[in-house]
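Heads up, the thing below is written out as C-alpha cells.
Where a number appears in this text, it was derived from the coordinates with a stated rule and is not lab data. Only a predicted model underlies this, so the values are computations on that prediction, with no experimental measurement involved. FYI the Cβ positions are ideal-geometry reconstructions off the backbone, even for glycines, and counts take in every protein chain you see.
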Amino acid sequence: MKVKKFIAPTMPEAMNQVKKELGETAIILDSREIKRSRFLGLFGKRNIEVLVAVDPQPARNRESVRSKKQTANHSTKPTNYAKSVQKTKPTIEKLPTHLSLSNEYPHPIESILQRLKENGINEDTRAHVLQNLLSAYYKKDEKVTDSELIDVTKAFFKQEMSPSIQGTTKQFKHLYVLGPTGVGKTTTIAKMAANEKMKHSKDIAFITLDTYRIAAIEQLKTYAKILDIPIEVAYNAEDLEAAKEKFKDKDLIYIDTAGRNYMKSEYIQQLKDMAKFTEEDKLMCVLSLTAKEDDMDMIYHQFSELPVDTVIFTKADETSTYGQIFNLWRKHRFAIQALTNGQDVPSDLLNVDDEVLSRLMVGEKLW
C-alpha cells in the first residue's frame, strides 16, 4: 500500500485533498490536530494532519481480481474497509461494521483479524481494532513485527475495559450471588469466601436461599464446615432478615440464591420480593463461558430489573473462546469481578486485571 500525509486547515478540506489525489478507496489511518508556528514561533495556526493509505493496484485490475474471486466462490464478499472516517478520538459506534478477510490487508493484520474472529470477537469491534493495526503498520513503514501488532491489539482492549475491571471501591456487607442453574454459584462463593478469610482475615458468614435443591444446601454446608464459617438457611423473607441480623457483626455475608431458569421473569420477581435489596447489598451475576452468548445476554438482561452491576465468569477452562466477555461487556458495561478456571477451592479463582483480559481477547492461553 501507498501511504501519504495530508495537512489542511479543516477535516473537510483534508478529505477533499485525499479524494482528489488518491480516490474513494483511500483508508484513513490516523488524524490529529497540529499547530504550525508562524513568525518566530508565534501566532500558531491549527491544522488537521491526516495519514492515508491506498492500494497502488489500479482500481480496474483490483475489481477484476475481486470479480474472479467472487465467481469462484459463488458469493459476494463485503467491500473494503475504507471510505472516510472522520476522527480525533473515534468511538466504536462510528466505525464501519463490515470487514473483508480476502487479502485486502497486509497478511500480519489479516492474521490478527482472523484470530479475533475465531476467538468470538464481533465484527464491529474487529473493525475498530483494524484501524489501530493499520495505523501502527504504516506509521512504521511496514516494519512492524507480529508481536508489536499483538501488543497494539492488547492495548486497545486494555484501554476499553480498564475502568470496568477496577469496579467500585465501595465496601458492601451483603454479597448476593445470582445466576441460572449449573453455572457454579455455590463453588464460586466458597472460592471467594476462602480467599477473603485466608488472605484478608475477614470474618464471614453464609446464607443460602437455594432451598429448591437439597444438594445445594448440603454443598454449601460442606464448604462452611471446611472453612469454619457459620451458615443459615432462609426459606422466606423473614428467615433472610433474621439471618442477616444474626450475622450483623460479620465483615462479609455471602448469600447464595436459588439456581432457577431466569429466562422466566417470575423468578426475578420472587427474588426481588424476598430480598428487598438495600444500599448495603452487592449483587453479582454468575455466567458460564460454556453457555451461548445470546443466552448469557438474555440472562443478564433479565437481571437488569435488579441492581446487578457486576459479573463473574465461570468455567473459563472449559471453553476455547473468550470474545463473548468483551461483546457482553460492551453491550451492558458491567464491572468484572473474577474468572473461575477449575473446580479447586480456593485456587481456581482468578481476579482479573487489564493484562489478563487483554491476553484472553487475543486468544492467549493462561492455563
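Measuring nothing but how far apart in sequence close Cα pairs (under 8 Å, 6+ apart) lie, relative to its length, region 194-339 scores a relative contact order of 20 percent. Here region 1-30 is scanned for amide nitrogen atoms under 20 Å from the site 7 Å beyond the Cα of E49 along Cα-to-Cβ, giving 2-19, 27-30. With the simple spin-label model, which puts each label point 7 Å out from Cα in the Cβ direction, the K225 to T10 separation comes to 7.8 nm. Looking at region 107-198, the trypsin sites (Lys or Arg not before Pro) that sit in a DSSP loop and have at most 16 other Cβ atoms within 10 Å of their own Cβ are K140, K143, K170, K173. Restriction of the GluC sites (Glu not before Pro) in region 282-349 to DSSP coil positions whose beta-carbon has at most 13 other beta-carbons within 10 angstrom yields E305. For the pair T145 and H200, a Förster radius of 41 Å applied to the C-beta separation gives a FRET efficiency near 0.45, rounded to the nearest 0.05.
Each Lys or Arg adds one and each Asp or Glu subtracts one; over the other residues with Cβ under 14 Å from the Cβ of D228, this totals +3.
Summing +1 for each Lys or Arg and -1 for each Asp or Glu among the other residues whose beta-carbon sits under 11 angstrom from that of K117 gives -1.
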